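Please treat every number below as a calculation from the coordinates, not as lab data. Bear in mind the structure is a predicted one, so any value in this text is a computation, not a measurement. Note that each Cβ is placed from the backbone with ideal geometry, even for glycine, and that neighbours are counted across all protein chains shown.
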Ligand code: GLP
């Protein structure tokens with residue numbers, strides 16, 4: 001695992017957006033694994049800016065052949081509702097670039113892993129991290145061989161997401177989600193994990209110390225992958 005620290009989130013996000021844009025130009029049918037949550041919002045904005053104003057690439061970035069696979073979605077939500085991750089992705093990225101919606105995939109059942117394989121696998125997976133070390137919605141206790149499945153959210157995740165996205169209303173947060181598993185994530189050819197808040201300091205510090213997989217800290221599965229970069233900014237109090 002490589003750790004790269006940037007002074008600001010804007011600099012970090014620009015670096016990641018440059019990697020993604022370069023990859024799309026080199027391989028127009030790039031398969032991106034995408035995350036939701038507060039962490040990737042600025043990254044998506046930066047990609048949209050590039051699409052609209054060529055801020056990263058001098059030539060237009062064509063998203064029409066790009067394929068995307070989202071990590072997770074709440075169970076039982078209307079995909080058009082404000083709380084759905086389908087809606088989050090539409091609002092933050094898909095409706096703002098020329099992606100073909102037929103090339104955007106979300107986990108609906110356990111067939112998601114074979115769908116990803118049939119599509120050729122994920123080239124680059126973008127991840128956030130929960131304060132408890134979850135990736136996707138793989139909460140502590142998730143198994144190393146876990147694939148896409150329905151998961152119960154733990155109280156800490158419900159509380160954090162209530163504060164961030166549901167005006168503090170714990171009852172409004174769905175209690176179950178469908179998430180790619182740890183083994184699903186590990187199949188990606190390359191992984192970039194992002195962290196831009198002081199609240200992620202403990203998680204990133206633990207990840208830096210991790211030597212092997214510990215189910216109580218799901219992100220430690222990344223120690224088992226050959227091409228992982230952790231990108232964070234100075235709000236995370238960890239040295240690179
Ligand atoms: C959420 C999502 C994850 C996300 C993580 C961190 O609950 N299921 O995909 O990466 O937890 O979220 P945030 O970026 O809002 O801190």
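Among 129, 158, 170, determine the one that fluctuates most according to a GNM of the chain built with springs between C-alpha atoms less than 10 Å apart.
Of 129, 158, 170, the most mobile in the Gaussian network model is 170.
Suppose only helical runs count, i.e. DSSP H with n ≥ 4. What mean residue ellipticity at 222 nm does that imply for the chain under -39500 (n - 2.57) per run, divided by all residues and rounded to the nearest 500 deg cm²/dmol?
Only helices count here, giving -8500 deg cm²/dmol.
Using a 10 angstrom cutoff on alpha carbons, build the Gaussian network for the chain and name the most mobile of 28, 155, 40.
In the Gaussian network model the winner is 155.
With all pairs of different alpha carbon atoms counted, what Kirkwood hydrodynamic radius in Å does segment 7-82 show?
Hydrodynamic radius (Kirkwood, Cα pairs) of segment 7-82 is 13.6 Å.
How large is log10 I(q)/I(0) at q = 0.10, 0.17 Å⁻¹ when the Debye formula is applied to the Cα atoms of segment 106-240, each weighted equally and without solvent?
Computed log10 I(q)/I(0) values: -0.32, -0.95.
Can you give me the relative contact order of the chain as a percent, contacts being Cα pairs under 8 Å and 6 or more apart? Intermediate results must be reported in sequence, preceding the final value.
Values: 481 pairs, mean separation 61.1, N = 240.
Relative contact order of the chain: 25 percent.
Order these peptides, 132-142, 230-240, by their mean beta-carbon neighbour count within 10 angstrom, highest first.
Going from most to least packed, we get 132-142, 230-240.
Over segment 112-188, what number does the Rg to Rh ratio reach, with both radii from the alpha-carbon atoms and Rh per Kirkwood?
Rg divided by Rh gives 1.02.
For segment 13-140, compute the orientation-averaged projected area of the C-alpha convex hull (one quarter of its surface), in nm².
Result: a mean projected hull area of 7.9 nm².
Taking Cα centroids, how far is segment 55-113 from segment 162-191 in Å?
15 Å
For the chain, set up a Gaussian network in which alpha carbons nearer than 10 Å are linked by springs, and say which option among 70, 92, 156 fluctuates the most.
156
Given the chain, report the % of alpha carbon pairs whose separation exceeds 23 Å.
Considering the chain, 46 percent of its Cα-Cα pairs are separated by more than 23 Å.
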